[in-house]
Protein chains: 2
Amino acid sequence: MLRVERQRLHDVVVEHLRGFITEGILPPGKKLNERELCETLGISRTPLREALKVLAVEGLIDISPNRGASVSRMSELEIRETFELISGIEAFAGELACERITGQELSDIKSLHDAMVVSKNQNDLPGYYQRNQAIHDLINKAARNSELRQVYLSLNRRIQALRYLSNHQAPKWDRALRDHEEMIEALEARDGKTLSEILRHHLLDKRDAIMLMVRE
Amino acid sequence: MLRVERQRLHDVVVEHLRGFITEGILPPGKKLNERELCETLGISRTPLREALKVLAVEGLIDISPNRGASVSRMSELEIRETFELISGIEAFAGELACERITGQELSDIKSLHDAMVVSKNQNDLPGYYQRNQAIHDLINKAARNSELRQVYLSLNRRIQALRYLSNHQAPKWDRALRDHEEMIEALEARDGKTLSEILRHHLLDKRDAIMLMVRE
DNA sequence: GCTAGGTTTTTTGCATTCAAAATACAAAAA
DNA sequence: TTTTTGTATTTTGAATGCAAAAAACCTAGC
């Protein structure tokens, strides 16, 4: 039978705050006053503090002793390094995916790709980015390694706010679409090496675009 | 001037418990009674609970609502997947290290390798494993990506207890030593692809050895 | 007007307390 | 004897209270 586990308060709080941070409602550098947050969330300080500890381990906020917490403000170096790491992990996921992906998953990806092209032609930027993200997510899932997946998701959350910003800018369409077409070809050919190369450089391109945005 | 930040209690607790878990003093599956731990550590429940939340995010313990915490007992699948992920990350670190390693670091690794061979000839297993670990750690550092490093260390902590167990067993000397020699050759030749291949398979071999141990 | 020093206020860290859920236990019924 | 049900105890989850550190403020002196 399905066990109904009442969610604990601090878990709910973690999810809320995570959302606020990744969606940019709580911007980088924002000071998190405990009493203030308690009032808006309608809870006491104990569960809030537990939630803050969790978010700190996840790298979404910084806590300095006796000074309190603030939303992490990633330095350019941290952004570079995080993207580099993600590029490596995603490339590895691509290799694994080539060994393990099912026909169903592959055709799901193709459909998403087609939908993405439609979004592009309609100049629907949010739709485009959403489908783009979904494709990468599906490849990651197809790697069939839940530890890898957890790390991937955790790292992505940290740069989510940045992505949010850059999603208002149009990408280099031709390059991006060509990359995706080649990715699908490599997947169909189960060519892990090629796919991982494409993914790696695709990510590093994305990084460069975002680094430009951040600097301005 | 260096700011002396008095460590917070829960940070100290995290370090202590982490040590207890990775050194096997608190074995997998061990139930962690809050009151008991508070008494042995001489603190109240608030900082302890904060520490437990942190360890849960790190994956070292499991917390189930209203049931309390226990040291994570990794399933065979989790072990397989974690090693696979580490193999991918370490392979990537090797590629980066080939681009970025300094002469000094390279010669440090060579010294460690020589010391490791001596340990082996003296049948000094702890010494052998310690140097072995140190070599992998140096390669990882040479990748010059602190985000990668953090993830690497975090994942390694999770399998540390298992490593501890397997360290009482003698490895396949000839294979392990040959691997290490080839690793150093690849590093000297700055041959990233080759190094990453060696590292990946070296890790998967290690995994197989540990999987055998775990099953017994 | 600006700085230095001290005082007040706020905020954080931790202990304690209260409430709710889970577990252990014992007595009664099958 | 085994199962079930009601009660007591333990254990966890969350709120409150208290002390110490940091920040804000205010006054005196230049």
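How much length would be gained if the chain were fully extended between B:Glu188 and B:Glu76, taking 0.36 nm per residue of separation minus their Cα-Cα distance, in nm to one decimal?
Between B:Glu188 and B:Glu76, full extension yields an extra 36.7 nm.
Quick one: which residues, 5 or more positions from A:Asn145 or on another chain, have an amide H under 5 Å from its amide H? H modelled 1.01 Å from N in the peptide plane, none for Pro or chain starts.
Long-range HN contacts for A:Asn145: none found.
How many nanometers, to one decimal and shortest first, lie between the label point of B:Asp114 and those of its other copies, if labels sit 7 Å from Cα toward Cβ?
Label point to label point, same position, other copies: 6.5 nm.
Semi-axes of the equivalent ellipsoid of the protein assembly as shown: what are they in whole Å, largest first, if each equals the square root of 5 times a C-alpha gyration tensor eigenvalue? The partial results should precede the final answer.
Details: eigenvalues 227, 215, 91 Å².
One finds semi-axes of 34, 33, 21 Å for the protein assembly as shown.
Cut-off 10 angstrom, C-alpha nodes, Gaussian network model of chain A. Which of A:Leu177, A:Leu125, A:Leu37 fluctuates the most?
Checking each option, the largest mean-square fluctuation is seen for A:Leu37.
Rank the residues A:Ile86, A:Ile109 as a footprinting-exposure proxy: fewest other Cβ atoms within 10 Å of their Cβ go first.
Taking fewest neighbouring Cβ atoms as first place, the list is A:Ile109, A:Ile86.
Once the cut-off is 15 Å, how many percent of the Cα-Cα pairs in the range B:9-71 end up in the long-distance tail?
Taking all Cα-Cα pairs of the range B:9-71, the fraction more than 15 Å apart is 43 percent.
Give the average, rounded to an integer, of partner chain Cβ atoms located within 10 angstrom of each Cβ in A:77-89.
Per-residue shielding by partner chains comes out at 5.
Placing +1 at every Lys and Arg Cβ and -1 at every Asp and Glu Cβ, with all other atoms neutral, what dipole size does chain B have around its Cα centre, in debye to the nearest 20?
My answer is approximately 780 debye.
Please give the calculated 222 nm ellipticity per residue for chain B, where each DSSP H segment of at least 4 residues contributes -39500 (n - 2.57) and the sum is spread over every residue; nearest 500 deg cm²/dmol?
Result for chain B: -25000 deg cm²/dmol, rounded to the nearest 500.
Exceeding 31 Å between C-alpha atoms, which entries from my cross-link table qualify? They are A:Lys53/A:Lys141; A:Lys53/A:Lys172; A:Lys206/B:Lys110; A:Lys193/B:Lys120; A:Lys31/B:Lys30; A:Lys193/B:Lys30. Mind showing how you got there, number by number?
On the way: A:Lys53/A:Lys141 28 Å; A:Lys53/A:Lys172 39 Å; A:Lys206/B:Lys110 38 Å; A:Lys193/B:Lys120 36 Å; A:Lys31/B:Lys30 38 Å; A:Lys193/B:Lys30 42 Å.
Cα-Cα > 31 Å for A:Lys53/A:Lys172; A:Lys206/B:Lys110; A:Lys193/B:Lys120; A:Lys31/B:Lys30; A:Lys193/B:Lys30; rest within.
Could you work out Rg/(2.2 N^0.38 Å) for chain A, with Rg from alpha carbons only? Show your work: numbers first, answer last.
Working: Rg = 19.2 Å, N = 216, 2.2 N^0.38 = 17.0 Å.
Taking the Cα Rg and dividing by 2.2 N^0.38 Å, one obtains 1.13.
Using the Karplus curve 6.51 cos²θ - 1.76 cosθ + 1.60 with θ = phi - 60°, what ³J(HN,Hα) values do you get for each residue of the range B:160-176, in whole Hz, with x for Gly and Pro?
Karplus values, whole Hz, x for Gly and Pro: 4, 4, 5, 4, 3, 4, 5, 6, 8, 9, 6, x, 7, 3, 4, 5, 4.
Rule-based calculations on the coordinates, nothing more; no lab input. Source: prediction; values computed, not measured. Please note: Cβ atoms are built from the backbone with ideal geometry, for glycine as well, and neighbour counts cover all protein chains shown.
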